[in-house]
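A quick write-up on the structure given underneath.
We did not get these values from a lab; they are worked out from the coordinates using the rules stated. Keep in mind that what you see is a predicted model, and the values were worked out from it rather than measured. Note that each Cβ is placed from the backbone with ideal geometry, even for glycine, and that neighbours are counted across all protein chains shown.
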Amino acid sequence: MPDPTPMDRHCLVTGANRGLGLEFVRQLLARGERVVAACRQPGRATALNMLAGEHPGRLHVLPLDVTTARSRDELVRELPLVLDGARISLLLNNAGVLHGGERFGQVAEADLETSLRTNAIGPFLLVQALAPLLADAAASPGAVVANLSSEIGSLAQRHEFRTPSYAIGKAAQNMGSVLLARALAPRGIRVVALHPGWVRTDMGGAQATLSATEAVASLLQVVDRLGPADTGLFLDREGQPLPW
Ligand code: NAP
């Protein structure tokens, strides 16, 4: 079966209103994909709404707070109307949160909870809920689920006490990625955890080494190059494996 052309493919990006999420939407649209951009406040997503005007029928902006069951359920209900019978070929679980300035002795339960809900629990439950809408390998190349992780979530690479809520949330997300990879393997759906590098966004800050344009371009190349057996991996933006 030939690969579907980008025009046939549907992609879903979470946290799509700014930062890496917005850049994923821009680059996917530029190469001809159809995109569902999910964000917490579509009414305020000025850049996304402008892009929707420039790409009529190819970009839909839908509400999603990944931490809320009702919001995830609503997205799952609305998606079939937008997909028009098609399945999702690429799901980018990009929404994430980092609490800066945490110190040992003062780590707040609320920040740990928010990080776990946003970085790990929300994306895991979203994939579980969206599973029926992901493309199977039987009909086309199976879907890719790319979870935006971070090397900060690598247990093997933690040598100092830094951003504990985020590190714990991303480490939990990594386990979720591995488990989802196992659950979806029989359908030929590949699940990977991707570290984008240190990127100039609201989260990465102005001193970061990479632009969002560079980071997203290289991550999309990594996704494009994933083979049928490349599931359950933790990869950097060059496609090199990272230690868990
Ligand atoms: P960012 O600029 O802070 O943007 C975060 C995005 O996530 C925003 O769109 C935000 O929406 C959304 N979000 C936060 N909580 C959400 C929720 N509960 N439901 C739905 N959306 C939510 O971050 P970024 O740098 O683009 O990061 C994108 C991803 O890459 C994250 O998963 C991050 O952990 C990962 N990452 C980034 C870097 C880096 O250097 N930038 C490095 C490693 C990994 P609102 O606008 O509504 O707040």
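The distance separating the Cα centre of the range 75-99 from that of the range 197-244 comes to 20 Å. With neighbours defined as other Cβ atoms within 10 Å of a residue's Cβ, the residues E102, E54 order from fewest to most as E54, E102.
Please report Rg over Rh for the range 6-236, where both radii come from the alpha carbon positions and Rh follows the Kirkwood definition.
My calculation puts Rg/Rh at 0.95.
When each of M50, M203 is scored by the number of other beta-carbon atoms lying within 10 Å, the sequence from fewest to most is M50, M203. Hey, if you put +1 on the Cβ of every Lys and Arg and -1 on every Asp and Glu Cβ in the chain, which of Q240, L155, A47 ends up farthest toward the positive end of that dipole? In the chain, that residue is A47.
For T68, T163, T209, what's the fewest-to-most ordering of other Cβ within 10 Å of each Cβ?
Values: T68 14, T163 20, T209 11.
Lowest count first: T209, T68, T163.
When +1 charges are put on Lys and Arg Cβ atoms and -1 charges on Asp and Glu Cβ atoms, the dipole computed for the range 6-236 relative to its Cα centre reaches about 160 debye.
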